[in-house]
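Okay, here's the structure, questions in a sec.
The values are calculated or read from the model by the stated rules, or taken from the named source; none is laboratory data. A quick note: this is a predicted structure, and the numbers were derived from the prediction, not measured. Glycine also receives a Cβ, built like all others from the backbone with ideal geometry; neighbour counts cover every protein chain displayed.
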Amino acid sequence: MTVHYLPGVQRSAPTAVIVVAAGSGERLGESVPKAFVELDDRTILQHAVSRIARLPAANLIVVVVPGRLVVRARMDVMFGRPRVQVTAGGAQRSDSVRAGIEHIMAAAPETEVILVHDAARPLTPTAVFNRVIDAVTSGHRAVVPGIPVVDTLKEVVVEGERVSVRGTIDREMLRAIQTPQGFSVDALTRAYADPTELATDDAGLAERCGIPVHVVEGDALAFKITTPWDLRIARGVVAESGPEELP
């Protein structure tokens with residue numbers, strides 16, 4: 001198979017990862033922001049960064065946290081890791097990603113590939129990161145990992161307290177999208193060029209700009225910790241497998 005690389009982007013292209021950890025995590029019901037909730041003796045953020053730090057391709061890892069927690073985050077994740085840096089995020093997720101992009105462009109202007117990852121997906125296997133990186137460097141300007149949808153999905157009509165089914169959606173044409181989401185630098189900066197644009201999904205902004213988004217295989221372990229049930233599952237996975245044994 002012939003592999004076509006992006007113009008100016010090689011397989012060993014300088015790569016940076018933005019770890020978004022500035023959310024409050026209100027739905028989790030904990031007393032601290034989500035990223036600082038413990039899974040075992042380490043926080044969600046520490047697990048996420050430790051996994052990414054295993055990637056040889058990650059030349060720079062920028063962790064974006066609430067401004068009041070920058071000092072704590074630096075103490076938690078930077079020790080002994082010169083590639084890891086911490087910066088303050090904004091009110092919205094999109095603001096935090098923009099802060100991460102600006103930090104990368106100042107600290108490592110030679111960067112050609114940027115991955116954006118939610119700290120709330122701390123158990124994402126390194127293989128998923130590698131698939132995303134490989135897809136970007138092989139020619140796709142925007143890449144997301146996704147897994148098939150297993151539940152039956154219904155489109156509904158909501159009328160006050162009454163909810164009725166309008167129809168059944170073909171799940172074969174759907175994917176549940178995860179992170180990390182990868183981009184060539186020009187694609188991500190173009191997607192985030194308008195400071196008024198908001199999104200919970202980076203690829204969504206790329207789509208609005210007309211940038212094609214490629215999907216690679218995700219992983220069940222890349223689930224997002226949002227609710228107390230998710231936290232219980234994550235703690236169970238870590239307790240059963242141990243952080244060093246997880247893929």
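Would you point out the residue of the stretch 54-89, among those that are of a type in the set (A, V, I, L, M, F, W, C) and free of Cβ contacts under 8 Å to residues at least 12 places away in the same chain, that is surrounded by the most Cβ atoms within 10 Å (Cβ to Cβ)?
Step one: of the stretch 54-89, the residues of a type in the set (A, V, I, L, M, F, W, C) are 55, 57-58, 60-65, 69-71, 73, 75, 77-79, 84, 86, 88.
Now drop any that are not free of Cβ contacts under 8 Å to residues at least 12 places away in the same chain, which leaves 71, 75, 78-79.
Values: Val71: 11, Met75: 10, Met78: 16, Phe79: 8.
Out of the qualifying residues, it is Met78.
Given the structure, is Val116 among the β-branched types (Val, Ile, Thr) and surrounded by fewer than 21 Cβ atoms within 10 Å (Cβ to Cβ)?
In short, no.
Please indicate, with yes or no, whether at least one residue in the stretch 160-167 is more than 18 Å from the chain's Cα centre (by Cα) and of a type in the set (S, T, N, Q). Lay out the reasoning, then the answer.
Keep residues of the stretch 160-167 that are more than 18 Å from the chain's Cα centre (by Cα), which gives 160-167.
Narrowing further to those that are of a type in the set (S, T, N, Q): 164.
Yes, that holds for at least one residue.
While we're on this one: So which residues in the stretch 194-223 are in contact with a strand residue (DSSP E or B) (Cβ under 8 Å, 6 or more places away or on another chain), within 24 Å of Ala22 (Cα to Cα) and surrounded by 17 or more Cβ atoms within 10 Å (Cβ to Cβ), if there are any at all?
Correct list: Asp202, Ala203, Ala206, Gly218, Asp219, Ala222.
With the checklist (1) assigned to a helix (DSSP H, G or I); (2) farther than 25 Å from Ile233 by Cα in hand, flag the one item Asn130 doesn't pass.
Going through (1) assigned to a helix (DSSP H, G or I); (2) farther than 25 Å from Ile233 by Cα one by one, Asn130 breaks only (2).
Then there is this: Just a yes or no: is a residue in the stretch 65-85 part of a strand (DSSP E or B), under 22 Å from Pro195 (Cα atoms) and within 17 Å of the chain's Cα centre (by Cα)? I'd like the intermediate steps shown before the answer.
We begin by selecting, within the stretch 65-85, every residue part of a strand (DSSP E or B); these are 65, 84-85.
Subset that is under 22 Å from Pro195 (Cα atoms): 65.
When the remaining residues are screened for being within 17 Å of the chain's Cα centre (by Cα), the result is 65.
The answer is yes, given that some residue of the stretch 65-85 is part of a strand (DSSP E or B), under 22 Å from Pro195 (Cα atoms) and within 17 Å of the chain's Cα centre (by Cα).
Sticking with this one: Confirm whether Glu155 is free of Cβ contacts under 8 Å to residues at least 60 places away in the same chain and in a helix (DSSP H, G or I). Please lay out each step first, then the result.
Details: free of Cβ contacts under 8 Å to residues at least 60 places away in the same chain: yes; in a helix (DSSP H, G or I): no.
No: the conditions fail for Glu155.
Test Ala22 against the criterion of being modelled with pLDDT under 95, buried (at least 20 other Cβ atoms within 10 Å of the Cβ), out of contact with any Cys (no Cβ under 9 Å at 6 or more places or on another chain) and not polar (S, T, N, Q), and give yes or no. Show your work before the answer.
Numbers: modelled with pLDDT under 95: yes; buried (at least 20 other Cβ atoms within 10 Å of the Cβ): yes; out of contact with any Cys (no Cβ under 9 Å at 6 or more places or on another chain): yes; not polar (S, T, N, Q): yes.
Judged against the criteria, Ala22 is a match.
Return the total of residues in the stretch 158-182 being surrounded by 10 or more Cβ atoms within 10 Å (Cβ to Cβ), out of contact with any Asp or Glu (no Cβ under 7 Å at 6 or more places or on another chain), of a type outside the set (Gly, Ala, Ser) and part of a strand (DSSP E or B).
Matching residues across the stretch 158-182 total 3.
Moving on to the next point. Within the stretch 40-53, can you find the residues that are over 12 Å from Val84 (Cα atoms), over 14 Å from the mean Cα position of the chain (by Cα) and surrounded by 21 or more Cβ atoms within 10 Å (Cβ to Cβ)?
Listed by number, the list holds a single entry, Thr43.
Given the options Thr137, Thr179, Thr168, name the one that is more than 24 Å from Ala53 (Cβ to Cβ) and modelled with pLDDT of 95 or more. First the steps, then the outcome.
On the way: Thr137 fails: more than 24 Å from Ala53 (Cβ to Cβ); Thr179 fails: more than 24 Å from Ala53 (Cβ to Cβ).
Result of the check over Thr137, Thr179, Thr168: Thr168.
Do we have Ala57 as closer than 20 Å to Thr179 by Cα and of a type in the set (Gly, Ala, Ser) here?
Numbers: closer than 20 Å to Thr179 by Cα: yes; of a type in the set (Gly, Ala, Ser): yes.
Yes, satisfied.
Mind checking whether some residue in the stretch 175-186 is of a type in the set (A, V, I, L, M) and farther than 22 Å from Val128 by Cα?
Pass one, the stretch 175-186, residues of a type in the set (A, V, I, L, M): 176-177, 185.
So of that shortlist, the ones also farther than 22 Å from Val128 by Cα come out as none.
Within the stretch 175-186, not a single residue is of a type in the set (A, V, I, L, M) and farther than 22 Å from Val128 by Cα.
Select from the stretch 111-127 the residues that are more than 26 Å from Ser24 (Cβ to Cβ) and not in a strand (DSSP E or B) and list them in ascending order. First the steps, then the outcome.
Initial filter on the stretch 111-127 (more than 26 Å from Ser24 (Cβ to Cβ)): 111-113, 125-127.
If the condition is that a residue be more than 26 Å from Ser24 (Cβ to Cβ) and not in a strand (DSSP E or B), then Thr111, Glu112, Pro125, Thr126, Ala127 are the ones that fit.
For (1) farther than 19 Å from Gly218 by Cα; (2) among the aliphatic types (A, V, I, L, M), each residue gets a yes or a no:
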{"site": "Val86", "(1), (2)": "yes, yes"}
{"site": "Gln92", "(1), (2)": "yes, no"}
{"site": "Val97", "(1), (2)": "yes, yes"}
{"site": "Met105", "(1), (2)": "yes, yes"}
{"site": "Pro109", "(1), (2)": "yes, no"}
{"site": "Ile114", "(1), (2)": "no, yes"}
{"site": "His117", "(1), (2)": "no, no"}
{"site": "Leu123", "(1), (2)": "no, yes"}
